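Worksheet: the structure to be examined is printed underneath.
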Amino acid sequence: MIESARKDAGLSQRRLAELARTQQSSVSEYESRRKSPTLEVVERLLGAADADLAVKRRVNFVYVKDSELGSFPVPNRLWQVPVPLCFSRVQVFPFMGYADGKEIWNLADPADRIEFYELMLCRGLDDMLLETVDGALLVEAWPSMHLPDSVRAAWQPLIDAAKGGASREDPPRDPAGINARMAAEIGIAWPRRAKARRRRPVRA
C-alpha cells in the first residue's frame, strides 16, 4: 500500500521519507515487509504521498449455472474502477472465437466498452470484472447491451440497486453539506420547503 501510493505520486523512497519526516531505510523496510509500521505511521506516509487510507467493501461473486454459458459470475454489488483504468485498452485471451478472435478492446470507446462488458458478464472471471467493469459505466451502458436473458435477469437487481431504487419523490442530496452550511450562515432553514403550485383559475 505504501509502495503503491509512493509510485502513484512519482516519489522516490528518499523523497517520501523526507516529506513524512522519517528515514529512507524505514520506508524501504516497510515496502519490503521486513518491518510493520503502526497505523499512525501508515497514515503519515500515505498523507505525504497525497493519498488517504480508506475502507472499501468487498465484492463477492457467485457463479450461476446456465445451459448455454455453463456458468457466469454475479457479484453482490457493483463497484468502481478508478480513472484512467476504466478507460484503458485491455487485452484478453480469445474467448471461444469471440468476435472473430478479437483480443483488444478500447474501453474509452463506448461501442467497444459495451462489447467488452457483454463478454465479461457472460464469460469473464471475477478478478477480470473487478479490474475492468466500472459500475457507473455499466449502468449507463445497460440499456444498449445485448445479453442472454439469464445474465440480464441475474444482474438487473444490481443495476436497480446502483440507481438507489430512487424515485422522484426522494429528497435531493446536499453535496458535501455545502447548502446546509451556507443556509446556517445566513440564518435560513434548510432544506427549503417545496413551493406549493398555484392552481390556475378555471374559466367559465
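The values are calculated or read from the model by the stated rules, or taken from the named source; none is laboratory data. These figures come from a predicted structure and were not determined experimentally. No Cβ is skipped: glycine too gets one built from the backbone with ideal geometry, and neighbour counts run over all protein chains shown.
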Those residues of segment 104-113 that are crowded, with 20+ Cβ neighbours inside 10 Å and part of a helix (DSSP H, G or I) come to a total of 1
Across (1) in the same structural domain as R21 (by TED's automatic domain parsing); (2) in contact with a helix residue (DSSP H, G or I) (Cβ under 8 Å, 6 or more places away or on another chain), R44 clears everything bar (2)
Residue count, segment 113-151, condition out of contact with any helix residue (DSSP H, G or I) (no Cβ under 9 Å at 6 or more places or on another chain) and either closer than 20 Å to V64 by Cα or among the hydroxyl-bearing types (S, T, Y) (or both), comes to 6
All-but-one check, L147 against (1) in a loop (DSSP other than H, G, I, E, B); (2) at pLDDT 85 or above; (3) more than 26 Å from the chain's Cα centre (by Cα), failing number (3)
Of those in segment 62-78 that are within 15 Å of T132 (Cα to Cα) and in contact with an Asp or Glu (Cβ under 8 Å, 6 or more places away or on another chain), the residue modelled with the highest pLDDT is P75
| query | Just to be sure, is R123 surrounded by 12 or more Cβ atoms within 10 Å (Cβ to Cβ), among the basic types (K, R) and either at pLDDT 95 or above or closer than 24 Å to G164 by Cβ (or both)? | reply | no
Reported set for segment 126-144 where residues are of a type in the set (A, V, I, L, M, F, W, C) and not in a loop (DSSP other than H, G, I, E, B) is M128, L129, L130, A136, L137, L138, V139, A141, W142
Within the bounds of segment 92-112, is there any residue that is touching a helix residue (DSSP H, G or I) at 6+ places or on another chain (Cβ under 6 Å) and of a type in the set (V, I, T)? no
